[in-house]
Amino acid sequence: MSRLFTPNRALLGFLLALSLVPLFAAPFTVTLVNYIGLYALVALGLVLLTGIGGLTSFGQAAFVGLGAYATAYLTTRHGMSPWGTLIVGMVITTAVSLALGFITLRLSGHFLPLGTIAWGISLYFIFGNLEALGGHGGIDGIPAVDLFGLELGSGRAFFYVIWATLLAAIVTTQNMLDSREGRAMRCLRSMTMTEAMGINTLWYRMVLFMIAAQFACVSGWLYAHLQRFVNPTPFSLGHGIEYLFMAVLGGTAAVWGAVFGATAVTFLKEWLQDLLPKLLGATGNFEMVVFGLLTIIVLHRTRDGLWPILMRFIPQREGKKTVEPALPLPRRDLPTTGREVLQVKNVTKRFGGLVANDRMNLTVRAGEVMALIGPNGAGKSTLFNCISGVNPPTEGEIHFMDQRIDALSSREIAKLGMSRTFQHVRLNQDMTVLENAAIGAHLRGRKNFVQSAWRLDREEERRLLWEASHQLERCGLGEHLFDAAGSLPLGKQRIVEIARALCSDPTLLLLDEPAAGLRHLEKRALAELLAKLRAEGMAILLVEHDMDFVMGLADRVVVMEFGEHLAEGLPQEIQTNPKVLEAYLGGVDA
Amino acid sequence: MKPTLLETQDLCVNYGRVEAIHKVSIRIREGDIVTVIGPNGAGKTTLLSALMGLLPARGEVAYQGQPTLGKVSVDGLVGKGLVLVPEKRELFGSMSVADNLLLGAFARHRRGARDHARTMEEVFAIFPRLAERRAQEAGTLSGGERQMLAMGRALMAKPTLLMLDEPSLGLAPLIVKEIFRIVVQLKDMGVSVLLVEQNARAALQVADYGYVLENGSVALESDARTLLNDPRVIESYLGLGGSHSIAA
Amino acid sequence: MDFSVALLLAQDGVTNGAIYALLSLALVLVFAVTRVIFIPQGEFVAYGALSMAAINAGFLPPTMWLVVTLGIAVAVVESVAALREGATARLPMIVFRNAVLPILAVIAVRYLPLKSLAYPLQVAIALAFVVPLGPQIYRLAFQPVAEATVLLLLIVSVAVHFMLVGLGLYFFGAEGGRTPAFTDGGFTLGPTYVQFQTLWIVGIAALLIAGLALFFERSIYGKALRATAINRTGARLMGISADLAGKLCFTLAALVGAFSGILIAPITTIYYDTGFLIGLKGFVGAIIGGLASYPLAAAGAILVGLLESYSSFYASAYKEVIVFTLIIPVLLWQSLAKHHVDDEDEH
């Protein structure tokens, strides 16, 4: 393919063509493109919510209605300025979205969409029945928006307001996703891991829902001042579902999917409403049938929607392939070598009638590698989950750095300086290795999503990425920084998890089978790395099945069987302990 | 020589880009207990899942002389008497022991069998503990009883080949002994058994033939008695010799 | 409000509540077994009621060509799958069951004097051309993505709902339908008048619920569905295929939906798009049961019926708002009671 058609030129051409629409296109087309802009803004929120957060909403049309009715009512009945009503609308939207989020987001992921169905229906009936809002007749006479003395009364003039708003939303959304906050949002589907990195997943899901609601609200405000009249019809649940179809058809994996989806659905709808009744010789909402069918086909065939398919024909922008040097992040003081960092006292964990851990005891000191071994099913991973707060113990006490932690959540424990890896690798397969590692450094940054949307976080961002790249270099992954994590072999993905854990600057590192799937030389490199971390004063607790690896590296070994403490000692003692031999190979006389 | 019941040729399974098992060829003859032993992560469970059609695999699997890979569904295999007792037991926790057992006969029920009451009595004869607990919810059973129920449920399907994935996992020695005694009893009743175990000694003591799986490949195979005395088996578990692989 | 009005409203509430209860049970079942939140449940109510109205008026079942079209589509999909497995022997049966049978049914129904048939036979014909849509929809829309996330299944579900509403307008037109009561009239009971149709509805709903309970408690297929809901892997290893379980519970859900429609058609005018709101009220009941408990869902649904009935008296314009607002305290309570987390990547 020739270089004539580059991503930058494609974007530039699109913007140029867009800016010419109001000047040269027929009024009908201008109206259509205006609507596309309004719809795309709502769909953009759904892309964030669905594609990034793994949640969805059918009630976005109601938020559009909220924005529209807020300004319609306040400007016509109370003479408020449209700019004031915009703020009022957004404040109400914030309150509603936080309340809805608060009651549904703690539950399984499908309760939010169900809640938004109820919300969508209820608000529609309220619009239609409240006298003050004009009932089903609606409200007319909404004033035009006044921008620096310029009255934006015509659809042509308003065109630029709509599309400038949409483009600003797209740019800020992209900025936000490409930041510490955005990385946390992109990992929300893997909740256990994300919480273990100290990230409050409930909060980020609330934020995503709130942003999506705000985009819808702003779209409604724009709509009211474009149309200068509102009634309940465009804010029904059916329209809420159409917004979702736009996002899904366009593609929820990329922000431009929203624009593409809104465009495709709008034009297709115009065309179908014209064509199908003629073709079938009957009345009916045939476009509904077609959209439903298209959505199902897209979800069956290509879950990321149509945008990625379109993108195959445009050469992709090369991502940035360098990490800028930056000031190192401040580190926490490591305890003096030999001090007891972790104490597990009489920890019992029951699952129903099963006892997975039975009065387990162990201690880990700063500057040592403690290995936890035992046959399959002995309860090692369960103990790891107890210690890291992923699945707290039924009985017993766990102390970390002189603080009792057995009742704390994994997020709070992460803040105290404990970090872990997982037996089943938990990386975001689509993010780069660098971004995955940077998740571990989340707690070492402060900038919020508004700051990152407006690029006020760049200095901190450089420091976080520099730290991540530094830890990856140390782990021998320097050449893979910009590869998608999922493209690495499983063994190396485990090492990415170690680098991610190191990014949190931990006092205690919990490693669940770090050497599994590694080749011999890679194992040796890993052992050297862990030995170096130990020398720096870090405490390391690891579960591992590769005995060569364990025996060569560990200072002390604890053996578990049936959830209980079976033996403890130096590696050589363990290797010759008859009880251990029996636990592994079995000693049953048939 | 007894006829072959199940045979694999160069069976490979990938997880993403990683090969979990590589060119595994095993054979189970009618009426035998065959064991696959090996350390954790060697690919034992993956092998069973592939045989059961739960995972996409390459290579060939023939059961009762018919190729099955990608051709016969899980319920089809169960209907033909190939039954797996999984490592995690996968019981129906909030249903009674009796209902769990009954559902073991589901595939046969669909093919017209109605002798479930008698089959259940036969299972109770093998596991009297289950008879005592028949009305109890499966989720309230102890670890040993759960394993018995998982095996009993599989026996309700009247298996020709019973595949057991780590039946001794997490069980105390006395119960392990009981489970292995029952495995031998099943063999005497004419059921062939593929026994996947980490507990090598116990498995090799009851088996006719054994395979040692390491890093996804068959590292050693022999009749069980020979393997029982092979020092390389111990090495592959505890790494005493400091050697890195016994496959070489 | 005097006592007799209160009783009348209670009667209304229980009648609707019984229908919502039936729907909520089907919704809980479908969700537990397949993880599909079955939004189109309400369309089956409308399809059932309007098909019944059409047949009662002597018209052919309007959905018959949809059943045939989807049947042919299922036959094609199944045949392709069978050919891929090399199971050519299954082809004739696949084609016969899915495509030929519906066509034969369409031919047969053309020769029946629909208008003069006995009421129960009309019911049977209405069901025969609506219920098969359930398993057909499962096979075509849900089975190919059966392993996907709840979220994706929910979006598919909403898309199916959209399609069925659009098609509903085409099949049944914009006008509503109403059918004659099973038995006309009623009787006076103390201060209130009870319609016979009310008794029919409550009675048949109770019978259906009892039938469902028996099915799940006693039959091996019912137990197999419960087992699939509890442990999908375990069920699969026992030869209970997810496809079979899915098809079975979509059939049940379609039957319950269509039958509910036939029950209420004599007391309410049903339009092509009324089903959605009715189905959603079943949902409110199901959510009260946490999408998991059958008795709680049924009780919740009765509560929804009563609340709707009384609020239609006090604030008729806001009755929908009041009913749907009910889920807020319910969700709040559930959300505070248990800290449930969903981790899609956990297996």
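The values are calculated or read from the model by the stated rules, or taken from the named source; none is laboratory data. These numbers come from a predicted model, not from an experiment. In this analysis, Cβ positions are derived from the backbone assuming ideal geometry, glycine residues included, and neighbour counts consider all displayed protein chains. With ligands, DNA and RNA removed, areas are computed over all heavy atoms of the protein, side chains included. Shrake-Rupley method; radii C 1.70, N 1.55, O 1.52, S 1.80 Å.
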Point to revise | Residue (of C:Thr233, C:Pro102, C:Gly289) at the positive-pole extreme of segment C:3-337, dipole from beta-carbon charges | key: C:Thr233
**Study point:** Dimensions (Å) - chain A, Cα atoms, principal axes, largest first
**Key:** 88, 56, 50
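Can you give the charge dipole size of the protein assembly as shown about its Cα centre, rounded to the nearest 20 debye, using +1 on the beta carbon of Lys and Arg and -1 on the beta carbon of Asp and Glu?
1220
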Check your understanding: Hey, what's the per residue convex hull volume over the C-alpha atoms of the protein assembly as shown, in cubic angstrom?
Key -> 198
Check your understanding: Can you list the residues of segment B:20-58 with backbone N under 18 Å from a point 7 Å past the Cα of B:Ala113, pointing along Cα to Cβ?
Key -> B:31
Revision key, fill the gap. For segment A:405-417, Karplus-derived ³J(HN,Hα) couplings (6.51, -1.76, 1.60; θ = phi - 60°; whole Hz; x for glycine and proline) come out as 10, 5, 9, 7, 7, 4, 5, 5, 5, 4, 5, 7, x
Point to revise | Shape of segment B:84-211, Cα gyration tensor, a/c cut at 1.5 | key: oblate
**Study point:** Paramagnetic label zone (point 7 Å from Cα along Cα-to-C-beta, B:Lys2; backbone N under 15 Å) in segment B:51-93
**Key:** B:64
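Tell me: how much accessible area in total is hidden between C and A, 1.4 Å probe, Å², nearest 100? The partial results should precede the final answer.
Numbers: alone 17200 and 26540 Å², together 39290 Å².
The C and A chains share an interface burying roughly 4400 Å².
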Revision key, fill the gap. Averaged over the residues of B:95-104, the number of partner chain Cβ atoms within 10 Å of each residue's own Cβ comes to 4
Study note, to complete from the structure: Here the FRET efficiency for A:Asp333 versus B:Tyr15, based on Cβ atoms and R0 = 30 Å and rounded to 0.05, is 0.15
Revision key, fill the gap. Per DSSP loop assignment and a cutoff of at most 14 other beta carbons within 10 Å, chain A keeps its longest run without exposed chymotrypsin sites (Phe, Trp or Tyr not before Pro) at A:149-312
Revision key, fill the gap. Going residue by residue through segment C:218-232, the Karplus relation 6.51 cos²θ - 1.76 cosθ + 1.60 with θ = phi - 60° gives ³J(HN,Hα) values, rounded to whole Hz and with x marking Gly or Pro, of 10, 7, 5, 5, x, 5, 5, 5, 4, 4, 4, 5, 7, 8, 5
Exercise for review: Calculate, for C:Arg97 and A:Leu490, the FRET efficiency according to 1/(1 + (r/R0)^6) with r their C-beta to C-beta distance and R0 35 Å; round to the nearest 0.05.
Suggested key: 0.20
**Study point:** segment A:1-75 versus segment A:421-446: alpha-carbon centroid distance in Å
**Key:** 32
Practice item. Assign unit charges at the C-beta atoms only (+1 for Lys and Arg, -1 for Asp and Glu), then state the dipole size of segment A:28-311 relative to its Cα centre in Debye, rounded to the nearest 20. Key: 520
Review point. What Rg and what Dmax come out for segment A:453-522 when only alpha-carbon atoms are used, in angstroms?
Key: 13.7, 47
Exercise for review: Give the Cα extents of segment C:7-51 along the principal axes, in whole Å, largest first.
Suggested key: 40, 26, 11
**Study point:** lysines with Cα under 29 Å of B:Lys80, excluding same-chain neighbours fewer than 8 positions away
**Key:** B:Lys2, B:Lys23, B:Lys44, B:Lys71, B:Lys88, B:Lys158, B:Lys187, C:Lys223, C:Lys247
Study note, to complete from the structure: Per-residue average of other protein chain Cβ atoms inside 10 Å, peptide A:55-64 -> 1
Point to revise | For segment A:328-386 versus segment A:469-526, the gap between their alpha-carbon centres in whole angstrom | key: 21
Study note, to complete from the structure: Using alpha-carbon positions, the gyration tensor of chain B gives root eigenvalues a ≥ b ≥ c; with a/c under 1.5 called rounded, otherwise prolate if a/b exceeds b/c, else oblate, the class is prolate
Exercise for review: Go through A:Ile52, A:Leu100, A:Leu150 and say which Cα lies farthest out towards the positive end of the charge dipole of segment A:28-311; charges sit on Cβ, +1 for Lys and Arg, -1 for Asp and Glu.
Suggested key: A:Ile52
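Taking R0 as 41 Å, what FRET efficiency do you get between A:Arg524 and B:Ala131 from their Cβ-Cβ distance, rounded to the nearest 0.05?
Details: r = 56 Å, r/R0 = 1.36.
About 0.15, to the nearest 0.05.
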Practice item. Name the residue farthest towards the positive end of the dipole of the protein assembly as shown from the options B:Met1, A:Leu130, C:Pro40, assuming +1 on Cβ of Lys and Arg, -1 on Cβ of Asp and Glu, about the Cα centre. Key: C:Pro40
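For the protein assembly as shown, what does the helix formula give at 222 nm: sum of -39500 (n - 2.57) over DSSP H segments with n ≥ 4, over the residue count, nearest 500 deg cm²/dmol? Let's see the in-between values first.
Details: 50 runs with 646 residues, N = 1185.
That comes out to -17000 deg cm²/dmol.
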Review point. In nanometres, what is the gap between the two model label sites at A:Ala531 and C:Ala317, each 7 Å from Cα along Cα-to-Cβ?
Key: 8.1
Exercise for review: Please identify the longest segment of chain C free of exposed chymotrypsin sites (Phe, Trp or Tyr not before Pro), where exposed means a DSSP state other than H, G, I, E or B and no more than 13 other Cβ atoms within 10 Å.
Suggested key: C:112-347
Study note, to complete from the structure: C:Ala124 and A:Leu16 label points (each 7 Å along its Cα→Cβ direction) are spaced in nm at 7.3
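Compute the whole-percent fraction of alpha carbon pairs in segment A:1-87 spaced more than 22 Å apart.
Working: 2074 of 3741 pairs.
Here the long-distance tail beyond 22 Å is 55 percent of all Cα pairs in segment A:1-87.
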Check your understanding: Quick one: helix A:237-250 against the long Cα principal axis of chain A, what's the angle to the nearest 10°, folded into 0 to 90?
Key -> 60
Revision key, fill the gap. To the nearest 20 debye, chain C has a Cα-centred charge dipole, built from +1 on Lys and Arg Cβ and -1 on Asp and Glu Cβ, of 840
Point to revise | Peptide A:124-130 - average C-beta neighbours from other chains (10 Å radius) | key: 3
Check your understanding: Each residue of segment B:221-233 in order: what ³J(HN,Hα) in whole Hz does its phi give by Karplus 6.51 cos²θ - 1.76 cosθ + 1.60, θ = phi - 60°, with x for Gly and Pro?
Key -> 8, 5, 6, 4, 4, 5, 5, 4, 9, 8, x, 5, 5
Exercise for review: Have a look at segment A:28-311 and give its Rg and Dmax from the Cα atoms, expressed in angstrom.
Suggested key: 18.6, 61
Exercise for review: Please work out whether chain C counts as rounded, prolate or oblate from its C-alpha gyration tensor, where a ≥ b ≥ c are the square roots of the eigenvalues and a/c under 1.5 means rounded, while otherwise a/b larger than b/c means prolate and anything else oblate?
Suggested key: oblate
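Roughly speaking, what is the stretch gain from C:Leu207 to C:Ala81, that is 0.36 nm per residue apart minus the C-alpha to C-alpha distance, in nm to one decimal? Show your work: numbers first, answer last.
On the way: separation 126, 0.36 × 126 = 45.36 nm, distance 3.92 nm.
So the extension gain works out to 41.4 nm.
Which whole-number percent of Cα pairs in segment B:3-128 have a distance greater than 18 Å? Let's see the in-between values first.
Values: 4841 of 7875 pairs.
Tail of the P(r) past 18 Å holds 61 percent of the pairs.
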**Study point:** C:Phe3-A:Asp178 pseudo-label distance in nm [points 7 Å out on the Cα-to-Cβ vector]
**Key:** 7.5
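Just how many % of Cα pairs in segment A:494-590 lie over 16 Å apart, if you round to the nearest whole percent? Don't skip to the answer; put the middle values down first.
Working: 2783 of 4656 pairs.
Result for the distance tail: 60 percent.
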